[in-house]
1. Just to be sure I understand the filter: pairs with C-beta atoms under 8 Å, separated by 6 or more residues or on different chains, first member in region 42-67 and touching a residue at least 12 places away in the same chain (Cβ under 8 Å) and in a helix (DSSP H, G or I), second member open to solvent by 100 Å² or more (accessible area, probe 1.4 Å) and hydrophobic (A, V, I, L, M, F, W, C). Which pairs pass?
2. Report yes if some residue within region 5-24 is at pLDDT 95 or above and more than 12 Å from the chain's Cα centre (by Cα); otherwise report no.
3. Can you name the residue in region 19-48 that is closer than 13 Å to Tyr68 by Cβ and among the acidic types (Asp, Glu) and, of all such residues, is most open to solvent (accessible area, probe 1.4 Å)?
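The values are calculated or read from the model by the stated rules, or taken from the named source; none is laboratory data. As the structure is a computational prediction, the values presented were derived from the model and not from experiment. Note: ideal-geometry Cβ built from the backbone for every residue, glycine included; neighbour counts use all protein chains shown. The protein model used for the area step is the full one, side chains on, heavy atoms only, and it has no ligands, DNA or RNA in it. Shrake-Rupley method; radii C 1.70, N 1.55, O 1.52, S 1.80 Å.
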Amino acid sequence: MKNILTVLIALLVFGNAFAKDIYVSSKGDDANSGTKNSPYLSFEKALQEVKKYASKEAVTVWFSSGEYYL
């Protein structure tokens, strides 16, 4: 029982460590790779990338401060 509890706690703590991160910045470019140092410009491009990982792995989309237009 102790081992199961330890495994569950580890999964909760480290589960998000394996999530796919996608970055968006008002100073980015949709031709970029969506990484922290090379963010996308638009919400639409980020959504296209999120759809690639749907039902396969967790995805976190990070938006830098700025103005975004839909």
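1. Cβ pairs passing all conditions: Phe43/Leu70.
2. No, region 5-24 has no match at all.
3. The selected residue is Glu44.
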